[in-house]
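This report refers to the structure that appears directly beneath it.
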Amino acid sequence: MSPESPRPRFHFTARRGWINDPLGMTYVDGQYHLFFQYVPNSTEWQPNCHWGHAVSTDLVHWTEQEVALAPGDGDGGIWSGSIIRHPEHGPMLFYTTVSIPDFAIGAVRLATPTDSTWNHWSKHDTAVVAPEELQARAFRDPYVFQDGDTWRMLVGTSLADRTAAASSFSSQDCLHWEFDGLAAQRPRSATEPVWTGSLWECPQIFTIDGKDVMITSVWDDDVLHYVAYAIGCYREGEFQAESWHRLTYGDSYYAPSFFRDSDGQPCLIYWLRGPGGDDVGWKGALSVPHRLSLIDERLHCEPHPAALESIEREQARGGEGVRAVKWDPLAEPMTIPLGSAGDLSLEYTERVITIRTDSDEWSIPRSKDPDTVTLLVDGTVCEVFVGGSVFAVA
């Protein structure tokens with residue numbers, strides 16, 4: 001991005017420094033709390049990550065707060081995790097603590113807020129370490145959720161033979177955890193219908209319309225690929241996949257974080273790789289929230305109404321570089337200008353949507369003719385919603 005390119009207006013960016021994974025999105029007392037992995041003094045990723053924090057009342061306009069958690073007190077770096085609200089203990093933040101330079105195998109540590117603003121958190125003891133019997137090559141990204149009377153934790157894991165897995169832990173009080181084995185696993189060699197790499201980063205399980213969904217980011221040999229998910233059945237700490245699918249396309253989306261909005265509707269928010277750089281002093285952005293549903297046994301993604309309506313209002317006021325566009329794939333191809341990033345074109349032929357920029361091309365296969373495609377343009381950021389798949393260039 002060149003110096004004259006403005007920040008995106010409807011996609012969160014930090015005032016300065018590097019951001020990546022969104023974390024712990026929670027709606028409480030009329031306000032959303034958004035956390036994100038953060039390197040305040042660099043526009044490149046560094047292992048000594050922090051947790052940044054921002055708040056919003058509408059999921060669109062964010063106010064950045066102070067750093068919520070910083071390295072030190074035994075943490076070389078503070079990596080991804082999740083937040084729950086326990087009925088007795090209140091808010092509980094579980095994060096990956098790593099040592100530098102040997103940061104492949106993390107541990108899970110607990111923190112709790114010091115007041116109701118959630119601006120400052122107090123660190124507690126380590127809650128979970130990688131069990132020796134796993135012989136793990138990588139271990140990180142705890143996701144904690146309630147399963148009936150039991151609390152469950154998934155941790156992204158790569159096994160010695162490069163099988164990607166989600167380790168499973170359980171607790172009655174969220175203070176003492178037991179290792180229950182692997183919630184799910186898939187070999188690196190499995191490629192059909194979608195390849196899922198050698199490590200699942202940020203694995204999460206949630207339920208939509210009575211079906212269980214496991215979503216994960218695909219990592220392999222220090223390369224971040226895309227987001228995949230499985231539809232299946234989760235029972236007593238184990239997930240049985242019935243079908244696997246690829247969710248994201250392009251080189252931008254990664255590390256989505258699941259949350260429910262103020263209406264209780266299921267949503268995801270992603271890290272967008274690409275925006276910013278050294279010349280502007282900040283790097284990375286977050287997607288607008290995506291609202292989820294299940295159609296024909298596949299995830300269906302739409303821009304959250306709050307984001308879509310805000311962009312449409314700004315467009316109606318003549319806001320520069322902001323557009324919400326509907327495209328009929330069965331009609332003519334379409335080209336969208338992205339300012340200094342050039343043009344983006346879309347074409348649909350033989351059940352494949354082809355998306356081109358000035359420098360690259362992507363193909364999104366479809367099992368049937370797609371309905372209307374929604375595009376959100378915010379400066380040089382463009383998100384494309386193709387129902388069962390999403391694409392972003394940023």
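Per the Kirkwood formula on distinct C-alpha pairs, the Rh of the stretch 319-363 is how many angstrom? Intermediate results must be reported in sequence, preceding the final value.
Values: mean 1/r = 0.0871 Å⁻¹.
Taking every pair of different Cα atoms in the stretch 319-363, averaging 1/r and inverting gives 11.5 Å.
Tell me, how many Å apart are the Cα centres for the stretch 240-281 and for the stretch 85-156?
If we compute the Cα centre of each part, the gap is 21 Å.
Using the basic label-point model (7 angstrom from Cα toward the beta carbon), what is the THR349 to SER367 distance in nanometres?
For the pair THR349/SER367, the computed spacing is 2.5 nm.
For the stretch 111-169, what D do you get in µm² per second when you plug the Kirkwood radius from alpha-carbon pairs into Stokes-Einstein at 10 °C and 1.306 mPa s? List each step's numbers first, then the result.
Numbers: Rh = 13.4 Å.
Approximately 119 µm²/s, per Stokes-Einstein.
If one puts a single equal scatterer on every Cα of the stretch 89-207 and applies the Debye formula without solvent, what log₁₀ I(q)/I(0) results at q = 0.16, 0.23 Å⁻¹?
-0.77, -1.33
Using label points projected 7 Å from each Cα along Cα→Cβ, tell me how many nm separate GLU332 and GLU178, to one decimal.
Taking the simple label geometry, GLU332 and GLU178 are separated by 6.6 nm.
How much accessible area per residue does the stretch 160-223 have, counting only protein heavy atoms and a probe of 1.4 Å, in square angstrom? Could the numbers behind the result be given before it?
Values: 2540 Å² over 64 residues.
Counting only protein heavy atoms, the per-residue value for the stretch 160-223 is 40 Å².
Hey, if you drop one equal point scatterer on each alpha-carbon of the chain and run the Debye formula without solvent, what base-10 log of I(q)/I(0) do you get at q = 0.06, 0.09, 0.14 Å⁻¹?
-0.22, -0.50, -1.28
Could you work out the helix-only [θ] at 222 nm for the chain, with each DSSP H run of four or more residues adding -39,500 (n - 2.57) and the total divided by the number of residues, to the nearest 500 deg cm²/dmol?
Working: 1 runs with 12 residues, N = 394.
Rounded to the nearest 500, the figure is -1000 deg cm²/dmol.
Could you give the accessible area per residue of the stretch 233-328, probe 1.4 Å, as a whole number in Å²? Before the final figure, lay out the partial values.
On the way: 4000 Å² over 96 residues.
About 42 Å² of surface per residue is accessible.
Using a cut-off of 16 Å between alpha-carbon atoms, which aspartates and glutamates can reach LYS211, once sequence neighbours fewer than 8 places away in the same chain are excluded?
Qualifying aspartates and glutamates at Cα under 16 Å: ASP147, GLU236, GLU238, GLU242, ASP296, GLU297.
Given Cβ point charges of +1 (Lys, Arg) and -1 (Asp, Glu) and nothing else, what value in debye, to the nearest 20, does the dipole of the chain about its Cα centre take?
Details: 29 positive and 56 negative charges, 55 e Å.
The calculation lands at about 260 debye.
Would you please state the base-10 log of I(q)/I(0) at q = 0.19 1/Å for the stretch 238-334, with intensities from the Debye formula using one equal scatterer on every alpha carbon?
One equal scatterer on each Cα of the stretch 238-334 leads to -1.25.
Report the Cα-based extents of the stretch 269-394 along its three principal axes, largest first, to the nearest Å.
43, 31, 28
Can you give me the % of accessible surface on the chain that is carbon or sulfur? Probe 1.4 Å, all protein chains present, nothing else counted.
Of all accessible area on the chain, carbon and sulfur atoms account for 44 percent.
Modelling each spin label as a point 7 Å along the Cα-to-Cβ direction, I'd like the ARG15/ASP58 distance in nm, to one decimal.
2.2 nm
In units of 2.2 N^0.38 Å, what is the alpha-carbon radius of gyration of the stretch 1-72? It would help to have the intermediate numbers written out before the result.
Working: Rg = 12.8 Å, N = 72, 2.2 N^0.38 = 11.2 Å.
Compactness ratio reported: 1.14.
Each residue of the stretch 186-196 in turn: what ³J(HN,Hα) in whole Hz from Karplus with 6.51, -1.76, 1.60 and θ = phi - 60°, glycine and Pro shown as x?
Karplus values, whole Hz, x for Gly and Pro: 7, x, 4, 6, 6, 10, 10, x, 8, 7, 10.
Going by amide H atoms built from the backbone, whose H comes under 5 Å of the H on ASP212, apart from near neighbours?
Amide H to amide H, under 5 Å and 5 or more residues apart or across chains, ASP212 pairs with GLY232, TYR234.
Kindly state, to the nearest 0.05, the FRET efficiency for GLN46 paired with SER189, given R0 = 30 Å and r defined as their beta-carbon distance.
Values: r = 33 Å, r/R0 = 1.10.
Plugging the Cβ-Cβ distance into 1/(1 + (r/R0)^6) gives 0.35.
Near LYS326, which aspartates and glutamates are there with a Cα under 19 Å away, not counting those fewer than 8 places off in the same chain?
Excluding near neighbours in sequence, the set is GLU302, GLU309, GLU312, GLU314, ASP343, GLU347, ASP369, ASP371, ASP378, GLU383.
Would you mind getting the accessible area per residue of the stretch 53-136, heavy atoms of the protein chains only, 1.4 Å probe, in Å²? Before the final figure, lay out each step's value.
Numbers: 3810 Å² over 84 residues.
Heavy-atom accessible area per residue stands at 45 Å².
The values are calculated or read from the model by the stated rules, or taken from the named source; none is laboratory data. Note that the structure is a prediction, hence the values are computed from the model and not measured. A quick note on method: Cβ atoms are made from the backbone with ideal geometry, for glycine too, and the neighbour counts reach across all protein chains shown. Note: areas computed on protein heavy atoms with side chains; ligands, DNA, RNA excluded. Shrake-Rupley method; radii C 1.70, N 1.55, O 1.52, S 1.80 Å.
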